[in-house]
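The values are calculated or read from the model by the stated rules, or taken from the named source; none is laboratory data. Bear in mind the structure is a predicted one, so any value in this text is a computation, not a measurement. Using ideal geometry, Cβ is built from the backbone for each residue, glycine included, and neighbour counts are taken over all protein chains shown.
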């Protein structure tokens, strides 16, 4: 992956079991996961031709944010534990189950902030920016002036850490396509590489890609924590509502930590 430390000769790293912690565009904001953590690029390939609405603001009300939907909740904070558990604490319908191959690295790595994301199958290679909860109580979105930038909820789990780490990116901006333009085309089994500031490259395997209406966003399912290292990639999708200046749906990629190497 371009601009990411080479992993060709990297050796597997030893994994630890940290305590859990818990995470999206335009000028608008979204409902966010509640924080619980205790510790503190080339452009995407224009693989398809689309009409970009003049008023498009990319992610819009990312995640569960919808001012008319009182039922859209936020994920509960992760429970503090002294050691990770491997059994699922959520119901069977809460989220796609990780494959057995994840057992070697889950429940997770030590805490370390992400620096770059690479998704080779959709030509994504982009830096990260931390996202915070703003004065409105919603999670601030990534800056709209950089189409090749993703954000992560800095008070939640870091990618690879035990818990559900949430990463958001624009599908488009007022000027054209953005970093997560092709996110909805990912398939189960595709991989996502995230380089962390500790030099570790965490590789996540996609379990499922689903589209949810913002008016009925399943926050419990998306944010559920089963005691392992999970990743959610989120952007906008569906029909663009010109009147509301927002997309009607959210595209959510469910993935689990599959392996990790020193970069």
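Listed by first and then second residue, the pairs linking a residue in segment 113-124 that is at pLDDT 95 or above to a residue that is surrounded by fewer than 17 Cβ atoms within 10 Å (Cβ to Cβ) and in a helix (DSSP H, G or I), with Cβ atoms under 7 Å apart and 6 or more places separating them unless they lie on different chains, are 122/185. Taking residue 170 and the conditions (1) under 13 Å from the mean Cα position of the chain (by Cα); (2) within 16 Å of residue 109 (Cβ to Cβ), which numbered condition does it fall short on, given that it satisfies the others? It fails just one condition, (2).
When segment 224-240 is filtered for residues that are part of a strand (DSSP E or B) and closer than 18 Å to residue 111 by Cα, the ones remaining, listed by number, are 229, 230, 231, 232. Taking every residue in segment 138-149 that is at positive phi and in a loop (DSSP other than H, G, I, E, B) and pairing it with any residue that is modelled with pLDDT of 90 or more and surrounded by 22 or more Cβ atoms within 10 Å (Cβ to Cβ), at least 6 positions away or on another chain, yields no pair with a Cβ-Cβ distance below 8 Å.
Is there any pair linking a residue in segment 153-169 that is on the phi > 0 side of the Ramachandran plot and surrounded by 24 or more Cβ atoms within 10 Å (Cβ to Cβ) to one that is part of a loop (DSSP other than H, G, I, E, B) and modelled with pLDDT of 95 or more, with Cβ under 9 Å and at least six apart or on different chains, and which? Qualifying pairs under 9 Å: 160/110; 160/111; 160/112; 163/157; 163/228.
Report whether or not residue 261 is more than 13 Å from the chain's Cα centre (by Cα), farther than 22 Å from residue 179 by Cβ and not in a strand (DSSP E or B). No: the conditions fail for residue 261. None of 158, 129 is farther than 23 Å from residue 237 by Cβ, in contact with a strand residue (DSSP E or B) (Cβ under 7 Å, 6 or more places away or on another chain) and at pLDDT 95 or above except 158.
Starting from residues that are in contact with a strand residue (DSSP E or B) (Cβ under 7 Å, 6 or more places away or on another chain) and assigned to a loop (DSSP other than H, G, I, E, B), keep the ones in segment 188-223 and report whichever is surrounded by the fewest Cβ atoms within 10 Å (Cβ to Cβ). Out of the qualifying residues, it is 189.
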